[in-house]
Each structure stands twice: as structure tokens, then as C-alpha cells.
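Comments concern the structure below.
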Amino acid sequence: QLVAIRTRLLLINLIIVMVPVVGIYWARTYEREMLKALEQDMQHQAQLLRTLLEQNLDEQGKPRMELVAASLHTLAKRTRTRIRLLDRQGRLVADSHKLGAPEGPEPAVPGLWRHGVQPERRHGADSPSTDPGPILDRVEVRAARKGQLGTATRVHRRIGRVFLFLTMPVMVQRRVEGVVYLTRSTVPVMQSMLSLRKHLFQVLAGAVALTALLTIFLAGTILRPLTRLSRSAGRISAGDRTVSLQLNRRDEIGQLARTFDGLVHKLDNRARYTSEFAANIAHEFKTPLASIRGAAELLADGADDDPEARRRFLANIQEDTARLDRLVTRILELSRMEATLELREPLDLGDLVLEVADRFPDHPVEVALEPETLPYQGNAPHLTAALSALVENAVAFSPANEPVLVRARRHDHGGLTVEVIDHGAGISEANQ
């Protein structure tokens, strides 16, 4: 089943377009990793506060939260985190917001950006709500009061923001004496991801547009000339020899068109040669056949009563039959040569010339090789037959004591020349 080049080009371009699509998918993974890193940063921050509280105890062995409370506002401002400290009963002891805040996902702390993106719910989150209820009822606070790390993710539907909540227990002698409660907005992460997605979609749109332009360009510069070549070749195969495949192009397609055009001209020449060859064969066969038919008619009319006439007519028939046999033999030899014309093998042309010269021991044949080794790629039987015919003709028309010279040499451009030179009278102008 054929697959159009246009389809192949489209598939290749689609692969290019898939690169920004994969980037968009990767952005989602990157977003999850950034949120995970944000949560880990909150854990580290809570761990520092818990350690500080666990190292500062009063006479009763309870954390002195008032020492940390004075710095909560500044700390929250620099880390963009709301920090609250709870006692062991879950009552609010200190808040980084001096004026406090409504229960639930509170407004952004100073320095946070505002935008309306609502990221997907993260793992381990309780149901998104605009009112998560009192602090004591929150799942992360309950987990911390049991001595465990608590996390939650909630969406503030009114302002369209996602908040991360993390609680960490303050332990004194394996007892929970307080809770560090952190809240952080994911707005910076979402803003960064929104910008990244925006750029990726811009790249995707540009890639789609560029792919469309490239497809149109390639279709015009490659597919249209190939279609023209295909149609022209179809007309030629249908018998229209007036079609030319020449294209005014300097690329591979133009070279292909010129090669096809040359092939068409060779086929035309071959057809003309075959027609002339058939006419020549018919002419060569016509004379002996007419002679045989005339002799047979004379014999049938009574010429066989005269022994001398019968002998002469039978001799003519035998001579013409032998002539026809030679013609048929030469035609068979020609067909075999045509069939094996493309059979080529490496050979040494110098050795072939020496071998042909040794076939004429009764006449001096001199050989000149320049250089002595002449590698060539050809058909040894055909070359031997052609060179033997030339040398035989030269020997036949050369004086007895005059040698025939066979000279083979390689030119600077790499070509080979074989010359057969005799000292005969030459070919008359009429025969030439």
C-alpha cells in the first residue's frame, strides 16, 4: 500500500508539533513537584520553630511561646507564610497576623500576588471548602494534637486561591505541649506555572503555523514537480513521444527529470535501431529466398531433366541455404551479445591485448602498453571478439613483413584507448 509523500511530511511535522505538547504535559508534572517542594519547605520551617520552642521551656516544663510570638509577623512577612501557635488544648496563642484573620483559608499575607487560578486538589487534602470550621475540628490540627504531622489543601472559592496547611506538634518528654500551624498560598507557584504554560502554548501555536507553512512549501517544491513527472511519464508510456520531461530546476528533482528525458531519447533511438535492423534483416533474407524460390520453380517446370541444370540449381539452393544459416547464426550471436551486454567484471586490458596478439602467430603483431597494467571493468568475451576482429582485418590487409601494432594506453582523465594500426592501403573513399 502506497503512502503519499504529503502524508509522510505531515507525520514528520506532527512529530515536531508533539514536542511542545510533551512540554505541556511535563509542566503538569513540574507543577506537582513544585507544590511538593513548597510543602517540604513548610515542614522545614515548622521544624525550626518546633525545635526553638522545645529548647525554651519555662519552670513548669512548657514551651515559652511568647518568645517566638514577637517575631512571627516579621518571619511570616519574609517567608510569605501565616504562622500560628496553638497550645495543647488547641487554643490560639500567637498569630503572625496582628489583627487576626477569619477562620478558614485566610486572605493572602503581605507580599502575596492575586490571581484567579484554581489548581487541582492535591493528595491528602480534605474537601475544598470556603469554611473549614473551627481550628480544633480541622483534620491537620487533630493529627498534630495526636503527635503526628498534619497536612491539608483547601481552595478559597470566593477569591479563587489554593492554600496549603501544615501542622507539627511541639513535643516535651513525649507529650504534645503545642502545635505549630503554618498556612501558605500556592499563588507564586501557580503564577509561575501559568506563565510557563502560556509560553508553551505560544510555542505550540508557532510550531503548528510553521509546520503548516513548511508542508505547503514542500508540497509546492517537491510534490508538484513529481506529479508533473508522473503525468509526463504516463503519457510517454501511452505512446506520446512528443512529451519532454525537462524541468528548469537545479536540484535533485531536475536531475531526475533530465535523467528520465535521456532515457526516453535512448528508448526512441533503440526503437529506430530495431526498426532499421528488422528492415536490413528482411532485405538480407529476401535475396537468398528469392533465389531459392526461383531455382525450385525452374526445377518444378522440368529443369531437373537436364543433369547439368539440376546440379547448378541445387548448388544455388545449397549456397543460399548456407547464406541464410550464417545470417541466422549472426542474429543469434547478436541477441546473445545484447543479453550479456551489461555483464561486466574486473580485468586487465593489457593481458587481454597480449592474449589476442598470441592468436596470430603467422604475422608479426606488436603490443605497446602504457602503463603495463591497465585495470578495467568490462565484458572479456565481447572485448576479445571485437579486438580479434580488428586485428584479423589488419593482418589480412597488411604486407607480409609489416607488423600490426596494438597500442593500449590510459589517459590523464582516466579513460582507456586501444588502437589497431596496420600498414595497408587503407579503406577506399567509396567504401568509407
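Quick notes
- Residue order by solvent-accessible surface for L369, L387, L14 is L14, L369, L387, largest first, with ligands and nucleic acids left out and a 1.4 Å probe.
- Shape analysis of the range 278-422 yields a ratio of the Cα radius of gyration to the Kirkwood radius, Rg/Rh, of 1.19.
- Applying 0.36 nm per residue to the separation of T373 and V139 and subtracting their alpha-carbon distance, the gain on full extension is 74.5 nm.
- Stretching A271 away from E429 to a fully extended chain increases their span by 53.8 nm, per 0.36 nm per residue minus the current alpha-carbon distance.
- Among F217, F285, the order of accessible area from largest down is F217, F285, computed with a 1.4 Å probe on protein heavy atoms.
- Stretched out straight at 0.36 nm per residue, the stretch from N393 to L343 would grow longer than its current Cα-Cα span by 15.3 nm.
- Solvent exposure ordering (accessible area, 1.4 Å, most first) of E140, E345: E345, E140
- Computed with a 1.4 Å probe on the full set of protein chains, the accessible area for H97 sits at about 40 Å².
- Projected label points at A209 and D41, each 7 Å from Cα along the beta carbon direction, are separated by 3.5 nanometres.
- The calculated Kirkwood hydrodynamic radius for the range 365-412 is 12.3 Å, given to one decimal from all distinct C-alpha pairs.
The values are calculated or read from the model by the stated rules, or taken from the named source; none is laboratory data. Quantities reported herein were computed from a predicted structural model and do not represent experimental measurements. Backbone-built Cβ (ideal geometry, glycine too); neighbour counts: all protein chains shown. Side chains included, ligands, DNA and RNA excluded: accessible areas come from the protein's heavy atoms. Shrake-Rupley method; radii C 1.70, N 1.55, O 1.52, S 1.80 Å.
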